[in-house]
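The values are calculated or read from the model by the stated rules, or taken from the named source; none is laboratory data. Small disclaimer: the values here were computed from a predicted structure and weren't measured. Please note: Cβ atoms are built from the backbone with ideal geometry, for glycine as well, and neighbour counts cover all protein chains shown. Quick note on the areas: whole protein, heavy atoms, side chains included, nothing else; ligands and nucleic acids left out. Shrake-Rupley method; radii C 1.70, N 1.55, O 1.52, S 1.80 Å.
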Amino acid sequence: MRRIAMAVVFLTFVAVLAAAYARRPSLPPAERGRRLAERTGCFGCHGPGGMRGANNPGRLDKTVPNFEDDVMMYAKTPDEIHEWIHNGVTRKKAASTTWRADRERGTLRMPAFRGRMSERGMDDLVAYVMAASGTPEPEDSLAARGLGRAEALGCVGCHGPGGRLARTNPGSWKGYVPSWDGSDFSELVRDSVEFRQWVERGVSLRFQTNPLAAYFLRGAVLKMPAYEKHLEPLDVPELWAYVIWLRSMGSRATATPGEEHEHE
């Protein structure tokens with residue numbers, strides 16, 4: 001009996017460890033960057049989510065640039081965005097006497113985060129700025145229409161700009177809404193058939209018939225809606241084309257399992 005009891009305890013311990021391992025967060029770079037920006041104070045000047053810059057008396061542009069509309073006027077590439085974060089300015093802008101004079105007149109000035117933030121953290125922050133600004137955009141017409149329909153259907157409300165974020169979702173399996181370019185997505189969606197089920201029904205048949213999955217789906221605050229009555233004929237293949245494109249881009253900067261908190 002004692003051996004049986006010990007075996008039960010051991011198997012229970014293993015099961016708990018396996019569940020804890022499976023529930024480790026695996027946040028995509030853009031979401032790590034968003035959370036880092038929140039903690040680091042970026043939104044104090046750039047506004048909530050970086051979407052509404054504060055007034056900046058003295059500057060010709062009058063406000064702190066936001067990530068959605070203004071960023072491409074200051075940085076054309078991910079490397080230039082990284083320069084802004086690292087040095088507080090790009091080399092091109094620093095070489096401009098006009099820009100330096102305008103900066104001196106401004107009340108608010110971009111700080112340099114070198115020494116305050118790791119290079120990995122800066123890369124994550126770049127990923128968030130890129131997501132918030134909607135760059136890059138798909139060149140493929142089918143994927144581009146998919147992105148447009150994702151915005152029109154409200155998908156980006158929970159999944160973030162371009163489906164690239166992992167917003168907090170209490171009660172869910174990992175505590176957040178999975179992004180479309182993260183490693184969680186492939187655990188939820190195996191193929192285009194399951195993708196259609198999620199979009200049309202709000203859940204795949206595989207998850208609907210899995211007691212553990214169904215439990216967490218019921219307990220989540222944010223639930224995937226069923227879009228079947230609101231879809232246009234080509235919506236699902238267009239959405240799927242966008243997801244495939246996004247994941248091909250995201251493979252260059254994948255999430256690291258267990259990294260809920262960014263390096264600083």
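Table for the structure above
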| item | result |
| --- | --- |
| Residue in the stretch 29-38 that is surrounded by fewer than 17 Cβ atoms within 10 Å (Cβ to Cβ), at pLDDT 95 or above and more than 19 Å from T107 (Cα to Cα) present | yes |
| Condition check for G182: under 10 Å from the mean Cα position of the chain (by Cα), crowded, with 16+ Cβ neighbours inside 10 Å, farther than 26 Å from K229 by Cα and of a type outside the set (S, T, Y) | yes |
| Subset of the stretch 66-85 (residues that are assigned to a helix (DSSP H, G or I) and open to solvent by 50 Å² or more (accessible area, probe 1.4 Å)) | M72, M73, P78, D79 |
| Selection count where residues are open to solvent by less than 60 Å² (accessible area, probe 1.4 Å) and outside any helix (DSSP H, G or I), scope the stretch 117-153 | 6 |
| Qualifying residue in the stretch 162-171 (condition: touching a helix residue (DSSP H, G or I) at 6+ places or on another chain (Cβ under 9 Å), assigned to a helix (DSSP H, G or I) and closer than 17 Å to F67 by Cβ) | yes |
